[in-house]
Amino acid sequence: MIPNKPTNPGEPPAIWWIRRDVRLVENPALMAALAASNRVIPVFILDPVLINSPYASKQRFRFLTGGLHALDSQLRRYDSSLLVLQGEPLQALSGLIAETGANAIFAERDHSPYARRRDQHLSLRLPMHLISSPAIISPGEILKEDGTPYTVFTPFLKVWKSRLGDLSASSSAEPPAFDHRLSTPRGLTGVKLPDLSAFSVNQQFLPGEIEAKRRLRAFTQGYDAPLYGYAQYRNRPDLNATSFLSPYLRFGMLSARRALVVALSALEQAAHPEDANSAETWLNELAWRDFYIHILHHFPRVLTGNFRPLNIRWRNDPEEFETWSQGRTGYPLVDAAMRQLISTGWMHNRARMLVASFLTKDLLIDWRWGERWFMQHLLDGDPAANNGGWQWTAGTGTDAAPYFRIFNPIIQSARFDPQGDFIRCWLPELERVPTKFIHAPWEMPPDVQVHSACRIGIDYPVPIIDHAWARQRALAAYPKSERG
DNA sequence: TGAAATGTTGGGGCG
DNA sequence: ACGCCCCAACATTTC
């Protein structure tokens, strides 16, 4: 809880600069600001560098905007509001300091290379206080004996788990008592957030901290305890068996530490081994998120190229990339997943691995093309996790899949979407294809194609490539040693 | 957090 | 009753 400070209207205010921590609950930067001053100004800055980046996404921006509206509504209950500034952060913050007399800026640390350069630059000129991290355990706090970072997940996980102990104690599910100490001085000129009613709201993911909290509860405490099927069903895109929390974690609408505490308590309270197994599996996913935040922190160069110096002979055919990105490869599970991405801004994790394998191995297209496409569409698009996932699949990353690990889109489909429900949900042209053929519709005899209203080459594409053949080509194109 | 090729085993059909 | 073949099921190796 916050120490009660005597009210002193003359005290210089502190700025709470919100970046990827769009929430009031369990927010270390906000707490630090509240501890520093009895007047705290909540600010978000629309940075043109980020908004105009080739990795930006309209959907993600819309989700963020919604989350900021939601935060603003929450702040109004404390007689405050969110101040939104537009422009270069140094100018925006300098101007705000000049207008308000603020003497400190508190912000959660951000480990992406752009953010670190920006913050370092700002720290030379402004009273910046960088607090905590979006990771559960901050980068730099988990190192090997010799002081170098882990680059293999399993030993990282072991150490990570051993450090979780003291995190639960200080956790709270409720916002702190603000005592009217959040304030937005009258007369300050910010910009208006884009009006959400001008957008179609994403029905799959309503933005905001309240919604994140509701989802966390639904995932872990629903009457049918969905978390307890997590270990068994999380790879099934046809079932709603994952947490769907990634967009909220991305913007800190949900604190990762809050998720951790809930995961640990689910582990503790598990009544059956399989329940414990589910909690443990989810815990591992949270650890993967930390792992890749740490990797990006220690090896920022992964954003521009292979972590491992593999020399792969990419083909990089732009038309094939277009076919893949629009979900027209002729492999139903690949196409269903790509269309899910475009229309909802989210994709099931198993499907992410499959479509990534298909792009890099079957089509031999540089993982960076896929990485960019994902960033342009994912609500949860985050440089660390997205890059880690792509490099893992491409076999170029830390702890990467071996070069010969190539997903078979037909087998994956039969295994993880057995009835084809997920496929039919996103590919209406396959609606009436019998389950027997749903994973490989090109095998339908002509009369079945007609009867199913799905003529291959007319209603649904001929496969862009023969997988068995493409697999052999990928094995040949991938160098078998790191020298290439 | 893979898939395919190859090897092994055991049951059933059959002469 | 026996050997042989086939093949499914499983295990191991290889890419």
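Return yes or no: is A:Ala231 under 16 Å from the mean Cα position of the chain (by Cα) and over 20 Å from A:Leu378 (Cα atoms)? Walk me through how you get there before you give the answer.
Working: under 16 Å from the mean Cα position of the chain (by Cα): no; over 20 Å from A:Leu378 (Cα atoms): yes.
Criteria not met by A:Ala231.
Which ones in the range A:366-378 are surrounded by fewer than 23 Cβ atoms within 10 Å (Cβ to Cβ) and part of a loop (DSSP other than H, G, I, E, B)?
A:Asp366
Please go through the range A:449-476 and give me each residue that is under 19 Å from A:Leu359 (Cβ atoms), assigned to a loop (DSSP other than H, G, I, E, B) and without any contact (Cβ under 8 Å) to a residue 40 or more places away in the chain, ordered by number. Break it down into steps so the answer makes sense when it comes.
Our first condition is that a residue be under 19 Å from A:Leu359 (Cβ atoms); within the range A:449-476, this holds for A:461-476.
If we keep only those that are assigned to a loop (DSSP other than H, G, I, E, B) too, we end up with A:461-466.
Result: A:Asp466, single match.
Between A:Pro418, A:Pro479, which is within 16 Å of DNA strand C (Cβ to nearest atom), in a loop (DSSP other than H, G, I, E, B) and surrounded by fewer than 16 Cβ atoms within 10 Å (Cβ to Cβ)? Walk me through it before giving the result.
Numbers: A:Pro418 fails: within 16 Å of DNA strand C (Cβ to nearest atom).
None of the other options fit; the residue is A:Pro479.
From the residues in the range A:457-475 that are surrounded by 14 or more Cβ atoms within 10 Å (Cβ to Cβ) and aliphatic (A, V, I, L, M), which one is farthest from DNA strand B (Cβ to nearest atom)? Before the answer, list the steps.
Within the range A:457-475, the subset surrounded by 14 or more Cβ atoms within 10 Å (Cβ to Cβ) is A:459-461, A:463-465, A:467, A:470-471, A:473-474.
Okay, now just the ones that are also aliphatic (A, V, I, L, M), so A:464-465, A:470, A:474.
Details: A:Ile464: 17, A:Ile465: 13, A:Ala470: 10, A:Ala474: 10 Å.
Looking at the filtered set, the residue picked out is A:Ile464.
How many residues are touching a helix residue (DSSP H, G or I) at 6+ places or on another chain (Cβ under 9 Å) and within 16 Å of DNA strand C (Cβ to nearest atom) if we restrict to the range A:395-404? First the steps, then the outcome.
From the range A:395-404, those touching a helix residue (DSSP H, G or I) at 6+ places or on another chain (Cβ under 9 Å) are A:395-401, A:403-404; that's our starting set.
Filter again for within 16 Å of DNA strand C (Cβ to nearest atom), leaving A:395, A:400-401, A:403-404.
Selection size over the range A:395-404: 5.
Give the range A:404-425 a look and list any residue that's closer than 22 Å to A:Asn240 by Cβ and within 8 Å of DNA strand B (Cβ to nearest atom), or say none. Full working, then the answer.
Residues of the range A:404-425 closer than 22 Å to A:Asn240 by Cβ: A:412-425.
Passing the criteria: A:Gln412, A:Arg415.
Filter the range A:402-415 down to the residues that are out of contact with any Ser or Thr (no Cβ under 7 Å at 6 or more places or on another chain) and in a loop (DSSP other than H, G, I, E, B), then identify the one that is surrounded by the fewest Cβ atoms within 10 Å (Cβ to Cβ). Spell out the reasoning first.
Let us first name the residues in the range A:402-415 that are out of contact with any Ser or Thr (no Cβ under 7 Å at 6 or more places or on another chain), namely A:402-405, A:408-415.
If we keep only those that are in a loop (DSSP other than H, G, I, E, B) too, we end up with A:402-405, A:408.
On the way: A:Pro402: 8, A:Tyr403: 18, A:Phe404: 12, A:Arg405: 13, A:Asn408: 17.
Checking each candidate, the answer is A:Pro402.
State which residue pairs qualify: first residue at positive phi and inside the range A:240-254, second residue of a type in the set (A, V, I, L, M) in any location, beta carbons under 6 Å apart, and separation of 6 or more residues or different chains.
Close Cβ pairs satisfying both conditions: A:Gly252/A:Val22.
Would it be correct to say that A:Asn408 is outside the structural domain of A:Ile293 (by TED's automatic domain parsing) and away from DNA strand C (no atom under 16 Å from the Cβ)?
Values: outside the structural domain of A:Ile293 (by TED's automatic domain parsing): yes; away from DNA strand C (no atom under 16 Å from the Cβ): no.
Against the criterion (outside the structural domain of A:Ile293 (by TED's automatic domain parsing) and away from DNA strand C (no atom under 16 Å from the Cβ)), A:Asn408 does not qualify.
Consider the range A:421-448. How many of its residues are surrounded by fewer than 21 Cβ atoms within 10 Å (Cβ to Cβ), of a type outside the set (Lys, Arg) and not in a loop (DSSP other than H, G, I, E, B)?
The qualifying residues number 11.
Kindly check whether there is at least one residue in the range A:277-298 that is in contact with an Asp or Glu (Cβ under 9 Å, 6 or more places away or on another chain), closer than 28 Å to A:Ala414 by Cα, surrounded by fewer than 20 Cβ atoms within 10 Å (Cβ to Cβ) and not hydroxyl-bearing (Ser, Thr, Tyr).
no
Please verify whether the range A:347-367 includes one or more residues that are within 16 Å of DNA strand C (Cβ to nearest atom) and among the aliphatic types (A, V, I, L, M).
At the first step, the residues of the range A:347-367 found to be within 16 Å of DNA strand C (Cβ to nearest atom) are A:357, A:360-362, A:364.
Cutting the leftovers down to among the aliphatic types (A, V, I, L, M) gives us A:364.
Yes, some residue in the range A:347-367 is within 16 Å of DNA strand C (Cβ to nearest atom) and among the aliphatic types (A, V, I, L, M).
Pairs, please: C-beta under 8 Å, at least 6 apart or cross-chain, first residue without any contact (Cβ under 8 Å) to a residue 60 or more places away in the chain and in the range A:355-369, second part of a loop (DSSP other than H, G, I, E, B) and of a type in the set (Phe, Trp, Tyr)?
From residues that are without any contact (Cβ under 8 Å) to a residue 60 or more places away in the chain, the pairs are A:Ser357/A:Phe407; A:Phe358/A:Tyr331; A:Phe358/A:Phe407; A:Ile365/A:Trp314; A:Asp366/A:Trp314.
The values are calculated or read from the model by the stated rules, or taken from the named source; none is laboratory data. Just so we're clear, the structure is a prediction, and the values are computed from it rather than from any experiment. Counting neighbours? That spans all protein chains shown, and the Cβs are built from the backbone with ideal geometry, glycine included.
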